[in-house]
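Trainee: There's a structure below that I have some questions on.
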Amino acid sequence: MSTEFLEVTEVEHYTDTLFRIRTVKPDDYTFTAGEFAMIGMGDDDLMRAYSITSSPANNFLEFYSIKVQDGPLTSRLQHIKVGDEIEVGTRTTGTLVLRNLQPGQRLWMLGTGTGIAPFISLLRDPDTYKEYDSVNVMWSVRAIPELDAYKQFIEDNTDNFIPIVTRDDSWDGERRRITEFAIEIFNPEHDRIMLCGSMDFNRDMSELLTNAGFVEGTRKNQGTFVVEKAFVS
Ligand code: A2P
């Protein structure tokens, strides 16, 4: 795998389990909004897929990560400091890209947990707004602080943002799982859906969409929904 070591320019911790890293972006580093790259700390066998949250036009790369205390990579990655280096794969890929969807009117991005990451890149990319009349997000997390990193940004850049908090009694917004209410809102005639979350969420929501007449898009055949299978939220 072709990789580069990139200097970390910013680290922001949001909760005990969530943080964000920015690195320099080499001039020749290119990708499409919604794609992921492999990240590591210098050990070849310890590279993990991370969606890029920055836009292709930004002069930095940004990644949003969980911290797992005994996780092989994130237990070390969470201690990274400005000035350190991380290893980043130069070949990006992914299915959550605009070109894998047929033309439509409303774009809906549905994410759980850190599955919001590829959508942040798409929301930072002007092309997303050129192709759709409205751009909409549903983001489901367990507890309110898990929305901190990007809640305001999503609110400011979408036509509809439905934040969902499923396990926090102090939340007075939507508490139902996306799978419990979203399908009634969608119509394959004009809605285009992107999914990124836990394996269970991706599977359950894909099944609901397929039963409702949506067709999964791939690099070879555009569809009316796409799902990222490369990594677990
Ligand atoms: P819930 O709290 O009801 O499990 P996780 O931290 O487990 O990845 O979950 C992140 C968010 O995704 C939570 O709000 C969780 O809801 C929701 N979620 C997890 N699995 C599913 C699923 N299969 N369908 C819909 N929502 C899900």
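Nothing in this text is a laboratory measurement; each read-out follows from the coordinates by a stated rule. What you are looking at is a predicted structure, and each value in this text was computed from that prediction instead of being measured. Glycine also receives a Cβ, built like all others from the backbone with ideal geometry; neighbour counts cover every protein chain displayed.
Trainee: For a quick check: with amide H placed at 1.01 Å from N, whose amide H comes under 5 Å from residue 112's, ignoring anything fewer than 5 positions away on the same chain?
Mentor: Residues meeting the amide H criterion: 140, 196, 197, 198.
Trainee: Which value in Å is the Kirkwood Rh of region 10-52 over different Cα pairs? Present the calculation step by step, with values, prior to reporting the outcome.
Mentor: Values: mean 1/r = 0.0811 Å⁻¹.
Computed over Cα pairs of region 10-52, the Kirkwood hydrodynamic radius comes out at 12.3 Å.
Trainee: Right, another one. Work out how much length residue 151 to residue 181 would gain on full extension: take 0.36 nm times their residue separation and subtract the Cα-Cα distance, in nm to one decimal. Before the final figure, lay out the partial values.
Mentor: On the way: separation 30, 0.36 × 30 = 10.80 nm, distance 2.07 nm.
Taking 0.36 nm per residue and subtracting the Cα distance, the gain is 8.7 nm.
Trainee: Determine the gain in length on full extension of the stretch residue 198-residue 221; use 0.36 nm per residue of separation and subtract their C-alpha separation, reporting nm with one decimal. Don't skip to the answer; put the middle values down first.
Mentor: On the way: separation 23, 0.36 × 23 = 8.28 nm, distance 2.40 nm.
Additional length available on full extension: 5.9 nm.
Trainee: Continuing with this model, one more query. Running a GNM on the chain with Cα contacts under 10 Å, which residue among 25, 151, 130 ends up with the highest mean-square fluctuation?
Mentor: 130
Trainee: Please give the net charge around residue 132, taking every other residue with its beta carbon less than 13 angstrom from that of residue 132, where Lys and Arg add +1 and Asp and Glu add -1. Don't skip to the answer; put the middle values down first.
Mentor: Values: positive: 106, 130, 192; negative: 125, 127, 131, 133, 159, 191.
Value of the local net charge: -3.
Trainee: Then there's this: Place +1 on the Cβ of every Lys and Arg and -1 on the Cβ of every Asp and Glu in region 90-233, take the dipole about the Cα centre, and give the residue among 154, 144, 112 whose Cα lies farthest towards its positive end.
Mentor: 112
Trainee: Quick one: Cα centre-to-centre distance for region 92-155 and region 168-224, in angstrom?
Mentor: First find each Cα centre; the distance between them is then 12 Å.
Trainee: List 23, 218 from most exposed to least, where exposure is judged by having the fewest other Cβ atoms within 10 Å. The partial results should precede the final answer.
Mentor: On the way: 23 24, 218 11.
With the sparsest Cβ surroundings first, the list reads 218, 23.
Trainee: Run through every distinct alpha carbon pair of the chain and return the Kirkwood hydrodynamic radius in angstroms, one decimal place. Please list the in-between numbers first.
Mentor: Working: mean 1/r = 0.0556 Å⁻¹.
For the chain, inverting the mean 1/r across all distinct Cα pairs yields 18.0 Å.
Trainee: Next question, about the same structure. Could you size up the charge dipole of region 114-229 around its Cα centre, putting +1 on the beta carbon of Lys and Arg and -1 on that of Asp and Glu, and report it in debye to the nearest 20?
Mentor: Numbers: 13 positive and 22 negative charges, 88 e Å.
Dipole of region 114-229, to the nearest 20 debye: 420 debye.
Trainee: Efficiency by 1/(1 + (r/R0)^6): what FRET value for residue 167 and residue 75, r their Cβ-Cβ distance, R0 = 22 Å, to the nearest 0.05?
Mentor: Values: r = 24 Å, r/R0 = 1.10.
Calculated transfer efficiency: 0.35.
Trainee: Below 10 angstrom from the Cβ of residue 85, what's the summed charge of the other residues (Lys, Arg +1; Asp, Glu -1)?
Mentor: On the way: positive: none; negative: 4, 7, 84, 87.
Neighbourhood net charge equals -4.
Trainee: Still on this structure, I have one more. Quick one: dipole size for region 28-172, taken about the Cα centre, charges +1 on Lys/Arg Cβ and -1 on Asp/Glu Cβ, in debye to the nearest 20. Kindly include the intermediate steps, with their values, before the conclusion.
Mentor: Details: 12 positive and 22 negative charges, 41 e Å.
Charge dipole, region 28-172, about its Cα centre: 200 debye, nearest 20.
Trainee: Measure nothing fancy, just the Cα-based angle from helix 199-211's long axis to the longest principal axis of the chain, in degrees from 0 to 90, nearest 10.
Mentor: Here the helix axis deviates by roughly 30 degrees.
Trainee: Here is a follow-up. Using only the C-alpha atoms of region 66-166, find the volume of their convex hull and express it per residue in Å³. Provide the component values of the computation, followed by the final result.
Mentor: Numbers: hull volume 14.5 nm³, N = 101.
Spread over its residues, the Cα hull of region 66-166 gives 144 Å³ apiece.
Trainee: Tally Lys and Arg at +1 and Asp and Glu at -1 over the other residues with C-beta under 12 Å from the C-beta of residue 118: what net charge comes out? Please report the intermediate quantities before stating the final value.
Mentor: On the way: positive: 124; negative: 35, 62, 125, 228.
Computed value for this residue: -3.
Trainee: Now, a different point. As a footprinting exposure proxy, order 161, 214 by other Cβ within 10 Å, with the fewest listed first. Don't skip to the end; give the middle numbers.
Mentor: On the way: 161 18, 214 21.
By the 10 Å Cβ count, ascending, the order reads 161, 214.
Trainee: So, one more: Viscosity 0.692 mPa s, temperature 37 °C: Stokes-Einstein D of region 28-89 from its Kirkwood Cα radius, in µm² per second? Could the numbers behind the result be given before it?
Mentor: Numbers: Rh = 12.4 Å.
Roughly 264 µm²/s, to the nearest whole number.
Trainee: Additional query: At residue 129 and residue 212, where each label point lies 7 Å from the Cα along Cα→Cβ, what is the point-to-point distance in nanometres?
Mentor: For residue 129 paired with residue 212, the spin-label model returns 2.6 nm.
Trainee: Then there's this: What percent antiparallel are the DSSP beta bridges of the chain, to the nearest 5?
Mentor: Rounded to the nearest five, the antiparallel share is 50 percent.
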